[in-house]
Amino acid sequence: MPIQWPKGKRPVFVGSGSTMCRRYFDGTKSSRANEAALMAIQDAGLTVDDIDGIYIWADPNWGPNQRGDTKVWLDVPHMMSVVNWNNIRHWIQTDSPAAGSCAGPQLAAMALGAGVCNNALVIRTGHHPAGVRYRQVSGQMAGGSSALSTVYGHGVGGSGQAITYQRYLEKYGAKREEMAGYVLNAHRNAQLNPYAVWKGRQITYDDYINSRLIAYPMSVFDNDMPVDGVQAVVMTTEDRAKDTPHPGGYISGMAAIPMHRSRGGVVDSLEALEEMNDWQAKNLYESAGVGPKDIDLKHVYDGFSPMVWMWLEAFGFCERGEAHAWCQANNIALEGPHPLNTAGGNLGNGRIHGMTNVWETANQMMGTAGERQLPRVDGALRNMDVAICETGPFGSASSFICTRE
Amino acid sequence: MTSQDPGPTVGPLGTHAGVVGGVAAPLVGDVDKLMHTTMAPYGITPVPSAELKPYWDGAKEGKLVIQRCQGCKSYNHPPVFVCNYCGDRDAELKFEQVSGRATLYTHYICYDTSVAGFEEKVPYAVILVELEEQADLLLMSNILNFEYDALGSGLKMGLPLEVVFDKVNDDISIPQFQPRSN
């Protein structure tokens, strides 16, 4: 059954904000969060006093060990001290692993639709000061089921994806070289994103193919760069949105991945992941009452490049095992028929755990995406009315569908 | 930070033939041949949880034991509270020795790790094996006594493997896989 919102209560994006995303930043999380939050609120034509709900996905599993601040993300109690709020009525901070950054807009949408709040801020931080190794595996003891993998020297960023990717390559006859199609396009899109860490530096095919290996068949460019940056969106209800400058992106469906075939602490099989991914897609489409052919704008999680192929297949944009051929510039470029991750995704913008896709979905639907604004096909009118946004990796993801009107 | 920000600072691009931790991995021409007879010394060792104690106790004795539902006879790994296959709360879950025969399911070659004891071993293969007892019954491993190259050539899906136990000390042995002897 498609989601039914109360009359006038369809949740919609009305503002967005982003800081520069940089490799390292030695300032405080607070200053960055303040900047992004105020930018989003101002963009919505609102003031701090209008905001009465805050929704944050704050997965606690992510954090470098550094300087007394163990978190890359910013939680709600911290957020309360960053802006001089006066009218907060409700907030939720979710630690759900089966979420990703889509959890924020999902929570906000449900609260808005239920009338719990009227204007909601959704925000996600990446905090990455210099001199810190991201996600250092420390210690000499591996407890619980993590011992079933860590004792084999497994567990550094991307390795869980690399082992699935290799199965994909062998099973479907794909080649590592084909992934350049996605990665180079993400970096190309990032050139039009003024906040992206890769803005100003377009990598080449040779750069990609010869880049430093991390977990072969994955190299450094298959992994998003941990960055310091904050992105935020403001959402409200349809009845209130008519008074804002550029509402767009009415939430029409949402889903979270079922984890029924996930085995804690060990790597799931490609086949199990595909089954879970497919279930999320089916539930998402049913909740929105649309199908793959209705989707104009595509945002899928690319924290690790192989996920892009698998999400494109799960959401039905191409057949299983064929995304490696489909996901090339002729299809996915901004000028192509299936624009994908138009702000550069995680790989082009930098790692804010999928929030870039949420932020950019809002931008495109609101018509505020600047040089990236779709449609871009010269002389050919094309609808760009329905967007899908998925965040989160294999076996741990959430998604929403929204419409321009 | 404002729009006048001087711009991002990024590290140098990889130039060629990824060099990681002093280990060169040429992508053209000769690729290093790799073989391990053991992965010891292990810098990181398992702390058996209550659920996994039978598994590690079995390994210490040179046996690969996997939790099996006595109702539907399915294997569950890692161990579960209720069988993931039949869901029968009344079915007994018991650890049973398995054949140790498996096939290679997938792999990757690790070039960059911060897992204690493995920094000096890169590059090395991490593999998943599928035990012959049941589809989708996967175990992680390295691969011992098998020559492969630094880009994984030779590691093909379906390669027949068998378990071998890599002794860490009198209390701990790590299940590893090697090509089948017969």
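None of the figures in this text is laboratory data; all of them are computed from the coordinates on show. Just so we're clear, the structure is a prediction, and the values are computed from it rather than from any experiment. Glycine gets a Cβ as well: all are built from the backbone with ideal geometry, and neighbour counts include every protein chain shown.
Give me the net charge for the shell around A:E313: Cβ to Cβ below 11 angstrom, other residues only, Lys and Arg +1, Asp and Glu -1.
Residues close to A:E313 contribute a combined charge of -3.
Using 0.36 nm times the number of residues separating B:V31 and B:E132, minus their current alpha carbon distance, what extension gain do you get?
Extending this stretch completely gives an extra 33.2 nm.
At 0.36 nm per residue, and after removing the present C-alpha to C-alpha distance, how many nm does the segment from A:A114 to A:Q202 gain when stretched out fully?
27.2 nm
Tell me, what is the FRET efficiency for A:E178 and A:D49 to the nearest 0.05, using R0 = 56 angstrom and their Cβ-Cβ distance as r?
0.65
For segment A:309-405, with only Lys/Arg (+1) and Asp/Glu (-1) charged at the beta-carbon, what is the dipole magnitude about the Cα centre, in debye rounded to 20?
180
Segment A:236-360: D in µm²/s via Stokes-Einstein (Kirkwood Rh, Cα pairs, 37 °C, 0.692 mPa s)?
Translational diffusion coefficient: 205 µm²/s.
For the pair A:S30/A:M259, report the inter-label distance in nm, with labels modelled 7 Å from Cα in the Cβ direction.
Each label point is offset 7 Å from its Cα along the Cβ direction, giving 3.3 nm.
Is the shape of segment A:173-289 rounded, prolate or oblate, going by the alpha carbon gyration tensor and its root eigenvalues a ≥ b ≥ c, with a/c under 1.5 for rounded and a/b larger than b/c for prolate?
oblate
For labels at A:I88 and A:L38 in the simple 7 Å Cα→Cβ model, what's the distance in nm?
The answer from the label model is 1.7 nm.
How would A:K29, B:K94 line up from fewest to most surrounding beta-carbon atoms within 10 angstrom? It would help to have the intermediate numbers written out before the result.
Values: A:K29 22, B:K94 11.
Going from least to most buried by this count: B:K94, A:K29.
Going through segment A:168-237, which trypsin sites (Lys or Arg not before Pro) have at most 16 other Cβ atoms within 10 Å and a DSSP loop state?
A:K175, A:R201
When a/c reaches 1.5 or more, the comparison of a/b and b/c decides; with that in mind, is segment B:89-182 rounded, prolate or oblate per its Cα gyration tensor? Don't skip to the end; give the middle numbers.
Numbers: a/c = 1.85, a/b = 1.40, b/c = 1.32.
Because a/c hits 1.5 or more and a/b exceeds b/c, segment B:89-182 counts as prolate.
Rg and Dmax of the protein assembly as shown over Cα atoms: what are they, in angstrom?
Both quantities, over Cα of the protein assembly as shown: 24.2, 76 Å.
If a cysteine in the protein assembly as shown has no other Cys Cβ under 4.7 Å from its own Cβ, put it on the list, ordered by number.
Taking the Cβ cut-off of 4.7 Å, the unpaired cysteines of the protein assembly as shown are A:C21, A:C102, A:C117, A:C318, A:C327, A:C389, A:C402, B:C110.
So in the protein assembly as shown, what percent of DSSP beta bridges are antiparallel if you round to the nearest 5?
On the way: 68 of 85 bridges.
Rounded to the nearest five, the antiparallel share is 80 percent.
Taking Cα pairs under 8 Å and at least six residues apart, what relative contact order does chain A come out at, in percent?
25
Hey, fewest Cβ within 10 Å first, where do A:I203, A:I388, A:I41 land in order?
Listing A:I203, A:I388, A:I41 from fewest to most nearby Cβ atoms yields A:I203, A:I41, A:I388.
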